[in-house]
Structures are given as structure tokens and as C-alpha cells.
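Colleague: Dropping a structure here in C-alpha cells format, bear with me for questions.
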Amino acid sequence: MKARTGAIIMAVVLVLYLVLVGQRAVQFVLTGEPIAVVIGVALIILPIIGVWGLAMELQFGIKSGRLAGDLEAAGEMPADLPVLPSGRVERSAADAVFPAYKARAEAEPENWKAWFRLAILYRGAGDSRRARAAVRRAIRLHDAHAKRADR
């Protein structure tokens, strides 16, 4: 719950910042001075990029949270991993079982649950980049499976 609250606070702060920058950008453009107009246009483009980035991160968080909930509801979260008081997986335990989880994900490349569990292990092992990549793959596989089920 702390992560969700933190994300909401950061999103609100970012939106406030983007609004203020957007207002300043309009002021620059309205001066009519060539340099000010260029700065204003740049300041308009940057908030658009910021909003896109915020939307993508929020979407990632919502979808990954949904997958975690689905996996937990099915009782298929990795149970053989000790968890620290912070809620993170203990790194030495993650390192010990990592090869088995990786082998399962590679053996079942279309199984979103295997990829999501692998992401949990990557995160526990301290490899955030690979953890995010594995979660993205799990999301794509889950979405594709849901589309096939709807047909």
C-alpha cells in the first residue's frame, strides 16, 4: 500500500509541475520573441512527454498489480521464498531458486505466470531491469491470453 500511496503522490506532484510548466510555456509563446517562442514550444513538448511517461508507468503499475493479484488469488505466488519485513524477497533465497524459475519460464515461453514469478525472482536478486522486462512480457502474454479467451 505504501508503494501505491507514493506513486499517487508523485503523480499528483508531476501533474502540478506539468501544469505550471505548461502555463509558463504559453507565456513564452505569447511574447512573440523568436527565442522565447522556441523555448515555449520546447516547454510544451516536454510536458506532453511527461504525461505520456506518467501514463505508461501508471498503466504498468496497474497491470502488474492485477497480475500479482491474479497469481496470489490462484495460490501460485512463489511460496518457497523468505520475505524481509519490507516485503521484498530475501536476496540469497532468490539467488538459490532462480535457476529453477528461469528454466520453467524458458520451458513455457507462453505462460504469463511463469514469467511473472521469474520477475519476482529477478527483483529479489536485485536485477530491476530484467524484472521489469519479465513483467512486461507477462503482461503481454496475459493480455494476449485474455483476448483469445474473449473470442
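The values are calculated or read from the model by the stated rules, or taken from the named source; none is laboratory data. It should be emphasised that the depicted structure is a prediction, and the values quoted were computed from it without experimental measurement. Cβ atoms come from the backbone with ideal geometry, glycine included; neighbour counts cover every protein chain shown. In case anyone asks, the SASA skips ligands and DNA or RNA and just uses the protein heavy atoms, side chains included. Shrake-Rupley method; radii C 1.70, N 1.55, O 1.52, S 1.80 Å.
Colleague: Checking the structure you have, find out if any residue of the stretch 46-68 is touching a residue at least 40 places away in the same chain (Cβ under 8 Å), part of a helix (DSSP H, G or I) and basic (K, R).
Modeller: Looking through the stretch 46-68, at least one residue is touching a residue at least 40 places away in the same chain (Cβ under 8 Å), part of a helix (DSSP H, G or I) and basic (K, R).
Colleague: In this structure, does L71 turn out to be touching a residue at least 40 places away in the same chain (Cβ under 8 Å), closer than 19 Å to S128 by Cα, open to solvent by less than 50 Å² (accessible area, probe 1.4 Å) and of a type in the set (A, V, I, L, M)?
Modeller: In short, no.
Colleague: Is there a residue being closer than 16 Å to I120 by Cα and β-branched (V, I, T) anywhere in the stretch 10-31?
Modeller: no
Colleague: For E57, which of the numbered conditions (1) under 22 Å from D127 (Cβ atoms); (2) open to solvent by less than 70 Å² (accessible area, probe 1.4 Å) fails to hold?
Modeller: Going through (1) under 22 Å from D127 (Cβ atoms); (2) open to solvent by less than 70 Å² (accessible area, probe 1.4 Å) one by one, E57 breaks only (2).
Colleague: Every residue in the stretch 99-151 that is more than 21 Å from E57 (Cα to Cα) and either touching a Gly at 6+ places or on another chain (Cβ under 8 Å) or of a type in the set (S, T, N, Q) (or both), please.
Modeller: If the condition is that a residue be more than 21 Å from E57 (Cα to Cα) and either touching a Gly at 6+ places or on another chain (Cβ under 8 Å) or of a type in the set (S, T, N, Q) (or both), then N111 is the only one that fits.
Colleague: Further question on the same structure: How many residues are exposed (fewer than 13 other Cβ atoms within 10 Å of the Cβ) and either under 14 Å from the mean Cα position of the chain (by Cα) or within 19 Å of P99 (Cβ to Cβ) (or both) when one looks only at the stretch 127-151?
Modeller: Within the stretch 127-151, residues that are exposed (fewer than 13 other Cβ atoms within 10 Å of the Cβ) and either under 14 Å from the mean Cα position of the chain (by Cα) or within 19 Å of P99 (Cβ to Cβ) (or both) number 2.
Colleague: Looking at the stretch 103-126, which of its residues are open to solvent by 80 Å² or more (accessible area, probe 1.4 Å) and part of a loop (DSSP other than H, G, I, E, B)?
Modeller: The one that is open to solvent by 80 Å² or more (accessible area, probe 1.4 Å) and part of a loop (DSSP other than H, G, I, E, B): E110.
Colleague: Something else now. Report whether or not A100 is over 21 Å from the mean Cα position of the chain (by Cα), exposed (fewer than 15 other Cβ atoms within 10 Å of the Cβ) and at pLDDT below 90.
Modeller: So A100 passes the test.
Colleague: Applying the selection to the stretch 69-83, what residues are in a loop (DSSP other than H, G, I, E, B), of a type in the set (A, V, I, L, M) and either over 18 Å from L141 (Cα atoms) or in contact with a Pro (Cβ under 7 Å, 6 or more places away or on another chain) (or both)?
Modeller: Result: A79, L81.
Colleague: Scan the stretch 83-91 and tell me whether some residue there is at pLDDT 80 or above and of a type in the set (A, V, I, L, M).
Modeller: no
Colleague: Considering (1) open to solvent by 60 Å² or more (accessible area, probe 1.4 Å); (2) under 18 Å from the mean Cα position of the chain (by Cα), say which one I44 fails and leave the rest.
Modeller: For I44, the exception is condition (2).
Colleague: Do the conditions hold for S92, that is, is it open to solvent by less than 80 Å² (accessible area, probe 1.4 Å), polar (S, T, N, Q) and within 19 Å of I62 (Cβ to Cβ)?
Modeller: So S92 fails the test.
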